[in-house]
Amino acid sequence: MGSVIKVMIVDDSLFFREMLSAKLASYSNLEVVATAADPYDAVEKIKKYKPDVLTCDIEMPKMNGIEFIRQLMPQYPIPVVVVSSVSNVVFKALHAGAVDFIAKPKAGNKEELDLFVNELVGKIRIASMAKVPYNNEELVLEKEHMNDITKSNIDLIAIGASTGGTEAIRQILKELPKDMPGIVIVQHIPPVFSKMFADGLNETTGFKVKEAEDRDIIKPGHVYVAPGDFHSRVSKLGSVYRVNCVKEDKVNNHRPSVDVLFESVAKICKGNAIGVILTGMGKDGAMGLLSMKKNGNFTIGQDEESSVVYGMPKAAYDIGAVVKRVPLNKVASTIVSALSGKM
């Protein structure tokens, strides 16, 4: 964090490139070493200036940002933060190998622009420490025999993630059998994008996935993604579990917060829940996962090698909150083993 991060801006708008360059120049540990108007221009400048992080638009002439990222990664595995209009194509960019994304601000809104720049700077700093995910290839998942889990005493599964989490969650859900207990997810993600993320998972994983709404009943085979800018808690009345979505103060500088979800599960589940903490910067979720473990629940943490950013799972592991630490391609099989009583 003490060294200067070399940034390159790739965007077809001259105005946006110049504006963003000027804004980033005010941060002492960032240096905009180059800007590029299109991917072909970018490649030549990558060779010359060797940036640490790229910011990249999606809609550009000659080649769109997704194809650029897909072709870039094998030869120049540079962390990319996608800067684009609000659209579900950002998830295609993440699948292609981008580390993170942020929505462009509305033109002429100074307050929104300032918030955008502050958030982008944070994402650039995190990206500078991140591993470029998956090397532009579909993750090879470890296949194990999936045992009968219908008689498991596990009632629900809680998952928390941040940077790199959208792809990690997608991979895990694709691998899991579809007769799972209900799954509740907190992914650090802005409003609007949380619904796009849930809808995408619904289309690609085989689960029934939705953005959680207040008082949703948690059903087996269903997945509930916390809405952006709302905390999600689990409550129980009789034998029925529900998701409660509330707009309260941020926790660990996040809303939704993984800790809020995990702490709620810890309070009502004594040995009949599974907690999973995945890639992400910071420590959100660590204390909540520890509470889950102390109440007899099985907990899983992603390992360093497979994490895009080994922050949240490391914080959880360091305080003893993780029962089993595994690479991403073993998370699904570890969940199934726990459901089957083999862990």
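Where a number appears in this text, it was derived from the coordinates with a stated rule and is not lab data. Since the model is a prediction, treat every value here as computed from it, not as a measurement. Every residue, glycine as well, gets a Cβ built from its backbone with ideal geometry; the counts of neighbours run over all protein chains shown.
Quick rundown of the values:
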| read-out | value |
| --- | --- |
| On Cα atoms only, tilt of 193-204 relative to the major axis of the chain in degrees | 70 degrees |
| J(HN,Hα) series, segment 93-102, from Karplus relation 6.51 cos²θ - 1.76 cosθ + 1.60, nearest Hz, glycine and proline x | 5, 5, 5, 6, x, 5, 7, 7, 8, 8 |
| Longest exposed-site-free window of the chain, the sites being trypsin sites (Lys or Arg not before Pro) in a DSSP loop that have at most 13 other C-beta atoms within 10 Å | 271-341 |
| Sequence-distant aspartates and glutamates (8 or more away, or on other chains) whose Cα lies within less than 16 Å of LYS131 | ASP52, ASP100, GLU167, ASP303, GLU304, GLU305 |
| Ratio Rg/Rh [Cα only; Rh per Kirkwood] for the chain | 0.98 |
| Within the chain, percent of DSSP bridges classed antiparallel, to nearest 5 | 20 percent |
| Loop-located GluC sites (Glu not before Pro) in segment 14-68, at most 15 other Cβ atoms within 10 Å (DSSP) | GLU59 |
| Share of pairwise Cα separations in segment 24-119, more than 16 Å, in percent | 57 percent |
| Listed residues ASP318, ASP199, ASP57, most fluctuating in the chain (Gaussian network, C-alpha, under 10 Å) | ASP318 |
| Label-point separation in nm, LEU14 to GLU67, each point 7 Å along Cα→Cβ | 2.5 nm |
| Fraction of beta bridges assigned by DSSP in segment 156-339 that are antiparallel (%, nearest 5) | 30 percent |
| Helical contribution to [θ] at 222 nm, DSSP H n ≥ 4, -39,500 (n - 2.57), averaged over the chain, rounded to 500 | -10500 deg cm²/dmol |
| Cα centre as origin, Lys/Arg/Asp/Glu Cβ charges: the chain dipole, Debye | 860 debye |
| Debye equation applied to the C-alpha atoms of segment 183-262, log10 I(q)/I(0) at 0.20, 0.21 Å⁻¹ | -0.81, -0.89 |
| Cα gyration tensor shape of segment 156-339, rounded if a/c is under 1.5, else prolate or oblate by comparing a/b with b/c | rounded |
| Degrees between helix 110-128 axis and first principal axis of the chain (Cα, 0 to 90, nearest 10) | 80 degrees |
| Convex hull volume per residue in cubic angstrom - Cα atoms of segment 237-343 | 102 Å³ |
| Of ALA273, SER291, VAL240, farthest towards positive along the dipole that unit charges on Lys, Arg, Asp, Glu beta carbons give segment 221-305 | VAL240 |
| Helix 258-268 axis, angle to the chain major axis (alpha carbon atoms, nearest 10°) | 0 degrees |
| Lys, Arg +1 and Asp, Glu -1 on Cβ, resulting dipole of segment 219-343 about Cα centre, debye, nearest 20 | 500 debye |
| Positive-end residue, the chain charge dipole about Cα centroid, Cβ charges, pick of VAL322, ILE9, GLY341 | GLY341 |
